[in-house]
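Everything on this sheet refers to the single structure shown next.
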Amino acid sequence: MPPKKKARVSKTSAKSGKINDIEGTSAAGRKWKAAAPVKKTGEGSQSAGSAIFTCWLMKSEPESRFENGIDVKFGIEDLKALPDQTGCWDGVRNYQARNFMRQMKEGQQAFFYHSNCKEPGIAGIMTIVKEAYVDHTQFDKKDVHYDASCKPDNPKWSMVDVQFQRTMKRFLPLSELKKYHLQHGANGGPLKDMALFTRARLSVQPLTAEEFDFILSLEDKEPL
DNA sequence: GCCAACGTTGGC
DNA sequence: GCCAACGTTGGC
């Protein structure tokens with residue numbers, strides 16, 4: 001069961017929702033050396049020592065790419081085109097990314113990031129509309145992200161439902177975010193520890209409120 | 001298409 | 001539980 005690609009959201013909107021959160025055997029959810037400023041869990045229901053995150057970034061590929069004969073393309077326009085502009089973020093096959101999805105709460109916001117494409121960057125914002133539940137595609141032999149090691153009585157992978165909120169006022173390219181990241185490394189600005197750069201391969205990542213707000217503020221600025 | 005970074009697997 | 005080999009991610 002090789003780890004698979006990034007998420008692809010399928011056209012299911014409101015499948016029968018079993019609020020079935022599997023226990024968190026994070027077999028591989030090992031050491032993640034808190035790169036991001038870790039907000040101390042003040043009052044949350046998180047176990048001691050883990051941070052509470054409220055903002056997210058989720059990657060998906062907006063350009064066609066075929067994997068086992070199946071196109072994994074899913075950009076923000078594809079989400080927008082779904083009924084109710086809502087889809088499930090299935091196909092995540094990485095423990096850390098999965099665990100972050102399991103921390104997501106209804107109503108929280110996530111950036112929709114376009115990866116593996118001509119112009120990588122942040123395309124828009126979506127809202128978490130359903131908290132983590134079993135990702136049914138792990139059992140589906142026809143699915144790109146089928147995981148033969150998973151059985152319905154012992155699922156491994158979760159997904160959340162997301163709803164399109166809006167596109168960014170202007171697309172925020174990775175190249176620009178990186179310039180700020182580098183600049184902030186020198187001057188201590190808000191993007192100095194951004195997971196997009198410190199944990200490049202993570203497809204679902206947390207942002208601090210400071211990071212999120214700073215990125216939002218870029219919409220009204222000239223491109224760097 | 002290349003390839004560096006890094007997560008996962010499996011032997012020991 | 002270590003760690004080398006392997007496979008994937010994703011920018012360039």
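Just flag the GluC sites (Glu not before Pro) in the stretch A:130-224 sitting in loop per DSSP whose Cβ has no more than 15 other Cβ atoms within 10 Å. Could the numbers behind the result be given before it?
Numbers: sites: A:E131, A:E176, A:E210, A:E211, A:E219; in loops: A:E219.
Here the sparse-neighbourhood loop sites are A:E219.
How much accessible area per residue does the stretch A:143-184 have, in Å², with a 1.4 Å probe?
Per residue, the stretch A:143-184 has an accessible area of 45 Å².
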| request: Take the Cα atoms of the stretch A:100-190, find their three principal axes, and give me the spread along each one in whole Å, biggest first. | output: 50, 27, 25
| query | Considering only protein heavy atoms and a 1.4 Å probe, what is the carbon-and-sulfur percentage of the accessible area of the stretch A:82-209? | reply | 50
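The values are calculated or read from the model by the stated rules, or taken from the named source; none is laboratory data. Remember, predicted model here, so these are calculated numbers, not experimental data. We place every Cβ from the backbone using ideal geometry, glycine too, and count neighbours over all the protein chains shown. Heavy atoms of the whole protein, side chains included, go into the accessibility calculation; ligands, DNA and RNA do not. Shrake-Rupley method; radii C 1.70, N 1.55, O 1.52, S 1.80 Å.
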